[in-house]
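The values are calculated or read from the model by the stated rules, or taken from the named source; none is laboratory data. None of the values given here were measured: they were computed from a predicted structure. Backbone-built Cβ (ideal geometry, glycine too); neighbour counts: all protein chains shown. Heavy atoms of the whole protein, side chains included, go into the accessibility calculation; ligands, DNA and RNA do not. Shrake-Rupley method; radii C 1.70, N 1.55, O 1.52, S 1.80 Å.
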Amino acid sequence: MHDLNNSAIRSAWETLSAALDFDNGNQQVRWSEEVERRLKENGLTYQAHTSRDYESRQGQLDVVPYLMDESTYELLALGLSQRVRFFEALLADLYGERRLIADGSIPAELLFANPEYLIEVHGLNPNSPWISFLAHDLVRDSEGQWFVLGQSTRAPAGLGYVLERRMIMSRVMGYLLRRMSVKRLSGFFRTLRSFLRADSRDNDLSILLTPGHTVESYFEHAFLANHLDFTLAEGDDLTVRGNRLMLKTLSGLRPVSGVLRRVVDKDLDPLELNPQSRHGIPGLMEVVRSGGVRMGNVPGSGVIDSPLWMGRFDGLCQKLLGEELILKSIPALWFGDSDEHEECFSLWPNLLVRHAGAYPTSESFVVHDLEPIEQVRLRARIEADPCGWVAWAAIDLERVPVANGSVRDESHAVIRMYTAQSQDKKIDVMPGGLAACNHSAAWAQLRPNTPEQYKDIWVMGAEPDTQLSIFAEMDVFVIGSNDQSMTPSRVADAMFWLGRYIERADALTRLVREVLAGVIDVRTEKQQAAHWLLGAQINTEDITLEDAAFDIHQAFFVRDAPGGFSELIDAIMRNARATPDYLSDDSWRALVNLEQMINRIAWMKRSDAGRLLDQVDLILMQLAAVSGLNNDTMSRTYANCFMDIGRHLERASKTLILLNYAFQSLKPQDISQWEMVLEVTDTVMTYRRRYRTRLHPTAILDLLLLDADTPRSISYLAARLEKLVNTLPVQQLGSRKTQLQQTAFAIHANLQMAAIDNYMTTQGSAKRPLIENLDQMIEQLAGLGEAITLAYFSHADVPQHLVKVGR
């Protein structure tokens, strides 16, 4: 339990428990439900941001916070600040003179068995601290003694989740935070942000470097980048020019002066480190050596994350700083030392064992929980590579209260706190963090990154915290320039294809809907028209009307259908995930719902036409919701502009292909087929209102090709494309911009000069110039898309590792 002998904790717990127990504990239940609801809302965004399927997020948020008084925080802050100073001295020695290796303080086997040690970094003398950011995991035993379980240099190491969960707790229990004088977290984030922006020029950028949406923590990266006002960037977004790190933007290359990175050390530079890495930037290490970029943290600092050090930090601190560690590490034993090796096996199997990989994700075992045969196998692995393993006896951890309905149970806690170090080596310790809870004390120590529950840590001050929010600035308010050409090229590329794929899905949905409606129609001419329309998309030689619903389901809805709905939604989500901070939460929810809807249809066992038609209608409505939300919530930036260009380009292409197919295969008297052309292009009501005649191919062509006021008309789309292309940035693009303008202008001008009499006979049949012109415009639109790609999305080729190929 909390230390109730401490008067500050006892008073705070009385206040908290009185609030939780109000209405016979129902207040605790209500708050828990509200916290869960808000986490689920964020969870939809989390699911959309990651390319894997997670049914729920690990470690939900407990409504009962972890309480810490100010004196305990000050003790921990003093100890953690000391550890940061010690790590600075240790890293300087390991990558410098290596005196600790020379005098035997560190066995060479221990260092070189550490997979995080980078020999390529030796001799690096950074012009900034080695560690600007560090996460520390601490435990307190049942006697009240604090120990450090490990540390992680891999930013942001849960920092985004700390911010997210504190924001949720503030919204649900805000009055309690104020009443209990809980310290705010904004000062820590401000320190971290100012470090990465120190000494930067006016036009320099600060970025958060992420491996991309394939990692589970991508939500955290996007969330934190947004709140720190950093640009979220991947390795392919960056390049090196003249010992400067540069971001590829629409206006060309822009310098980057600060990097908060989540990419592991060995993947940062494929030129010097891991040649197979696609997450790094070739030449980055040389930029770091020359002082061209400030990094949190410096490459090579991850060597301290390994658990191999756990039992040796105390002695090394005395040697380097002449001080005893205020916060001791877990008393771990290294199998690579003969005496410690013998001691470990004397305690076997009452041990916790961890491999040398980076904390906290390295392989770990509770030995006495293993079957006898598994214990034998583990022991054999350790004997084969003793330098790569550590072990310790499980500590009897403190117990903390956790909510369970209207009552409270007990669990074990590992708390994670954070330090930030400025350029002048001033160290700030976050007055808060997260506590990871697990009912098993052993697994709480081994896997604090996958707990049963998280707690928000409340550090209580003597008086209310008046610190400003991270968004509140004390300087005079100034309206800055809104340079949208700073949009990263990768983002513009993704938005362009997001627009195309959404429109492609819309066109396919409308076509399939009309085909299904025709299949279930009792009129023969409607069924024949449906068969004809289906031929615009796939080969219909082997499709009969009796089995049409099954064939349509197989052709468009099953998971492996080429060009089908599953393939399209995968492409939509892939491009949306590449732009996480450009779409609103409502847009993300709509996209997730669309993805779930399509996946459900893919697994339908029976595919009768009526049931399938109902599902297609729902897909169409959801696509309309996605487009409407994007249109209503997105700022009119270049990202939005490229999405609009993609949508209009795709719509024009699909409409031209349909018109080409219709005018080459239909006769003027094929009324049902011509009606389906209008249905697919959503222009039936416009046609009836404008022409008030029976369907005629000439009138349809006039509407869909030459009418400048109909949103589905090629003439309207061409005018929009020309206008959008003319708004694109021209910096550093030279003559390519003129080429884009000329291509867009040529398409629009060709339509403005067109005369319907040159394309159609009086009987309603197509003349040869119509087909030739449709073919030409299809090619021109394809050329326009390629020109946009070359002008804005391809500043440089993606680097490829060169290997020697034998004869």
By how many degrees, between 0 and 90 and to the nearest 10, does the Cα long axis of helix 735-752 differ from the longest principal axis of the chain?
-> 30 degrees
Label zone at Ala92 (point 7 Å along Cα-to-Cβ), backbone N below 13 Å, region 285-329 = 320-322
For region 215-337, what does the alpha-carbon gyration tensor say about shape, rounded, prolate or oblate, given a ≥ b ≥ c as the root eigenvalues, a/c under 1.5 as rounded, and a/b over b/c as prolate?
-> prolate
Once the whole set of protein chains is in place, how much accessible area is left on Thr727, using a 1.4 Å probe, in Å² to the nearest 10?
-> 70 Å²
Normalise the Debye intensity by I(0) for region 636-795, one equal point scatterer per Cα, no solvent, then take log10 at q = 0.20, 0.21 Å⁻¹ and round to two decimals.
-> -1.24, -1.34
Would you tally the net charge around Ala571, using a Cβ to Cβ cut-off of less than 10 Å, leaving Ala571 out, and scoring K and R as +1, D and E as -1?
-> +1
Efficiency of FRET between Ile326 and Asp586 - r from beta-carbon atoms, R0 45 angstrom, step 0.05 | 0.40
By the Cα gyration tensor axes a ≥ b ≥ c (a/c under 1.5 gives rounded; else a/b larger than b/c gives prolate, otherwise oblate), the shape of the chain is prolate
How long is the gain from Thr633 to Glu14 if the chain were fully straight, where each residue apart is worth 0.36 nm and the alpha carbon distance is subtracted?
-> 218.4 nm
Could you pull out the trypsin sites (Lys or Arg not before Pro) across region 675-775 that fall in loop regions by DSSP (anything but H, G, I, E, B) with no more than 12 other Cβ atoms inside 10 Å?
-> Arg692, Arg694
Accessible area, 1.4 Å probe, largest first: how do Tyr661, Tyr759 sort?
-> Tyr661, Tyr759
Length gain on complete extension for the stretch Ser765 to Arg611, per 0.36 nm per residue less the alpha carbon to alpha carbon distance?
-> 51.7 nm
Which value in nm describes the separation of the simple spin-label points at Asp339 and Glu371, placed 7 Å from the Cα toward the beta carbon?
-> 3.9 nm
Spin-label point model (7 Å from Cα, Cβ direction): what's the Glu546 to Thr214 distance in nm?
-> 4.8 nm
Sparse-neighbourhood loop hits (GluC sites (Glu not before Pro), region 350-446; DSSP loop; Cβ within 10 Å at most 15 others) -> Glu363
Specify the angular offset, from 0 to 90 degrees and rounded to the nearest 10, of the alpha carbon long axis of helix 7-20 from the longest principal axis of the alpha carbons in the chain.
-> 30 degrees
Between 0 and 90°, nearest 10: helix 218-228 axis offset from the chain longest Cα axis = 80 degrees
Estimated dipole of the chain in Debye, rounded to 20 [Cβ of Lys and Arg +1, of Asp and Glu -1, Cα centre] | 2280 debye
What does the accessible area of Ser489 come to, in Å² to the nearest 10, when a probe of 1.4 Å is used?
-> 10 Å²
Could you check the simple spin-label distance between Ile671 and Arg688, using points 7 Å along Cα→Cβ, in nm with one decimal?
-> 1.4 nm
Towards the positive end of the charge dipole of the chain, with charges on Cβ (+1 Lys, Arg; -1 Asp, Glu), say which of Leu327, Ser251, Trp458 has the farthest Cα.
-> Ser251
Total formal charge among the other residues, if their Cβ is under 12 angstrom from that of His279, Lys/Arg +1 and Asp/Glu -1 = -2
Residues Ile778 and Arg574, FRET efficiency given R0 of 30 Å [Cβ-Cβ distance, rounded to 0.05] = 0.70
Gyration tensor (alpha-carbon) shape descriptor, region 280-432, a/c threshold 1.5 = oblate
